[in-house]
Structure formats: structure tokens, C-alpha cells
Amino acid sequence: MKKVSGPLFRIGLVTACVAALFAAGCTKKPPVVPPPVAQTPPPARPTVTLQANPTSLNKGDSTTLSWSSTNATQLTIAPEVGAVAPEGSTKVTPGDSATYTITASGPGGSADASVSVTVAAPAPTPVEQPKGPSMEELFLKEVRDAYFDLDKADLRPDARAALSKTADFLKNYPTIKVNIEGHCDERGSTEYNLALGDRRAAAVKQFLVSQGVGADRMSTVSFGKEKPFCMESVEACWQQNRRGHFVMAR
């Protein structure tokens, strides 16, 4: 084996070192990438519903509010109700029409829902009109009887004045029909007084017809002395019984 000279040896050594360094650089390992970190999903957003039953009511009545929610930690209902559970119902009595709103909040945000309730205004209290007199009361007040002298069937001046007022009333109320009764005092026979009462009733009717009252609205009947208005046997009482009397026909 030949002995290598010193300079050649050094050159070979340097060459070997450079080759080694070059080889080391070419085989350098890639950097280590850390594994991805798992991300936590965001909190779910709340949901909420609100209902009223009934939604229309009269003043003073109540309605039931019902609600449910998800993903909420705090719920409130306005107006008037305040904080409530995540799910439930409650009765409310609104004084007027109102809109109720529920607000649900939680880690994921907030949500709300509303429902309207209509309150009907009370019907106005009818003002009671003062009651006027009934037709029967008017008849008794305005219709005047005609009075006769003893054994007479002709009309006296006072009887004509009374019957004129009666005619005015009947013409103002054209739907009213009347029965005209002929009456007598107790003196004389039954047959005589029945005939006299008939003549008195006929005289009254004839006068009213002359004043414009339709004959078909009046009928006549004689009671003679059978239905006296006064029972005493004195002239003042007999005068009360000698009359043409009006009764409103039914």
C-alpha cells in the first residue's frame, strides 16, 4: 500500500467533510405541524311562542296566555305579567285592548313573540225616556161624558161642550174605537129607561159624527137604570146616572 502524501490527504479529508455536510443538508426532516384544535359550536338561539284564548272578550272578562320556549334562561311578558317560567300559562284581565309580548333571552341571544287581545267596549246604557201616559190614561183624562136632564135625550149646552172635547180627542187618535153607553136614573120602568138610554146614546153618537168622527168607530148600547154610577136616591146621584158614557173598545 502506498503512503498518501500529506497535502493530498488534507484535500481528501476536506472533500469528504463537504460531502458529508451536503448530504446532511439534503436529508433535513420537515417541521412537525400540531393537530387542529376542536372548536366549540356557538350557543343555540332561543325560540318562543305566545297564544291567548280567547283573543276577543268583553270588558271585565279574562283571557289565558299560554307560552313555550327553547334555549332560553329568562322570559318576561309585558305588560303587567313580568318574569315567567320557560313554559306555562296565566290568566290576565285587560282593562282595554292590549298587545302582550313575551321576550326570551339566553346565551344564544334573544327572541320575542306577541299576541293581541281585543276588549269590546261596553254597550252604552240606554237612557230611559220618561214614560208618557198610556192610551187608557189619556182616554180617561180627555174623553168627557154627556149628562142629561130628567126624561130628556136632547143635548144640553154643557153636554155639547164636553162632547166637543171628546170629538177632538177621537180625531187626534183615529185608531181608537168607542162604545157609547146610555144610562138613566132609577125612576121609571126598566123598559122605559132602556128606550131612553138608547135615545141618549144615539144623540151622543150623532153629535160626534157631526164633529167629524167616523160613525164606524162608534157603537151604542143602552143599560137603562141597570148599571148606576151612584146608588143614593137623591137628585145629585140621579144626575150622575143620566149620561152618555164612553168606553174604549177592545
**Q.** DSSP beta bridge pairing in the chain, given as percent antiparallel to the nearest 5
**A.** 80
Q.
Rounded to the nearest percent, how much of the accessible area of the chain (1.4 Å probe, protein heavy atoms only) is carbon and sulfur?
A. 58
Q. How long are the three semi-axes of the equivalent ellipsoid of region 87-190, in whole Å, if each is the root of 5 times an eigenvalue of the C-alpha gyration tensor, listed from largest down?
A. 81, 14, 9
Q) Order of 233-243, 200-210, 160-170, 123-133 by packing, highest average Cβ count within 10 Å first? A) 200-210, 160-170, 233-243, 123-133
**Q.** Per-peptide average of other Cβ atoms within 10 Å, ordering 96-104, 214-222 highest first
**A.** 96-104, 214-222
Q) Of all DSSP beta bridges located in region 104-250, what percent are antiparallel, nearest 5? A) 65
Q) Within the chain, which DSSP H helices have Cα atoms that stretch 24 Å or more along the helix axis and a mean Kyte-Doolittle hydropathy of at least -1.0? A) 6-26, 190-210
Q.
Suppose all protein chains stay in the model; what accessible area per residue would a 1.4 Å probe give for region 28-159, in Å²?
A. 69
Q. If you roll a 1.4 Å probe over the heavy atoms of the protein chains, what accessible area per residue do you get for region 161-250, in Å²?
A. 51
Q: Taking mean projected area of the Cα convex hull in nm² as the quantity of interest, determine which of (1) 36.3; (2) 19.1; (3) 16.3 was computed from the displayed structure.
A: (1)
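The values are calculated or read from the model by the stated rules, or taken from the named source; none is laboratory data. Just so it is clear, the structure is predicted and the values come from calculations on it, not from any experiment. All Cβ positions, even for glycine, are placed from backbone atoms using ideal geometry, and neighbour counts span all protein chains on display. All accessible areas refer to the heavy atoms of the entire protein, side chains included, with ligands and DNA or RNA removed. Shrake-Rupley method; radii C 1.70, N 1.55, O 1.52, S 1.80 Å.
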